[in-house]
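Everything on this sheet refers to the single structure shown next.
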Amino acid sequence: MKRMIWCLMVIGVVLLFAVSVMAQSGVVRTVQEGCEKEINNYCKNVTPGEGRLLACLYAYGDKLSNRCEFALYDASVQLEREINALSYLANECRNDLNAYCSATKPGEGRLRDCLEKNKKKVSKRCSQAAKDVGLK
């Protein structure tokens, strides 16, 4: 179980950086709340962001409480769900993104906003995928 958690933490560091906009949802909050004691005890001098807190928690992995380990596991499950939703949306909207948003710089919700701006032209597949993943 611990080995799986460590693997998930390392993957989480990379994925949290890669999908930082999405990660600002419940994923970060789950770790901050579940590992509050460990963060305050071992990582209080670490500047948050870009996976540094997770790297710090990884360094103190043998000292983590069960609560913190569960929070890390739970966050990895949430993150996996969000990544799957993003992958599904990107796959279903690929042609629409190419047609209407190719000049849009990815990040900070710009592609989402572009699809929203072009919602009358977007394919039914893309519109349905946006609804499925909870976009407006």
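Each reported figure results from applying straightforward, stated rules to the coordinates on display, with no laboratory input. In this text, all values refer to a predicted model and were calculated from it rather than measured experimentally. Cβ atoms come from the backbone with ideal geometry, glycine included; neighbour counts cover every protein chain shown.
Numbers below:
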| read-out | value |
| --- | --- |
| Ranked Ile39, Ile83, criterion: other C-beta atoms within 10 Å, fewest first | Ile83, Ile39 |
| Student exercise, the stretch 42-98 dipole from Lys, Arg, Asp, Glu Cβ charges, in Debye to nearest 20 | 280 |
| Ascending count of other beta-carbon atoms within 10 Å, so fewest first, for Val133, Val77 | Val77, Val133 |
| Per DSSP, loop GluC sites (Glu not before Pro) in the stretch 22-67 with at most 15 further Cβ within 10 Å | Glu50 |
| Selection from Gln32, Ser65, Cys43 lying farthest towards where the dipole of the stretch 15-136 points positive, charges on Cβ | Gln32 |
| Rg in Å to one decimal, and Dmax rounded to a whole Å, for the stretch 93-132 via C-alpha atoms | 9.2, 25 |
| Space enclosed by the convex hull of the alpha-carbon atoms of the stretch 44-122, per residue, Å³ | 121 |
| Glu108, Glu80 arranged by Cβ crowding within 10 Å, fewest neighbours leading | Glu108, Glu80 |
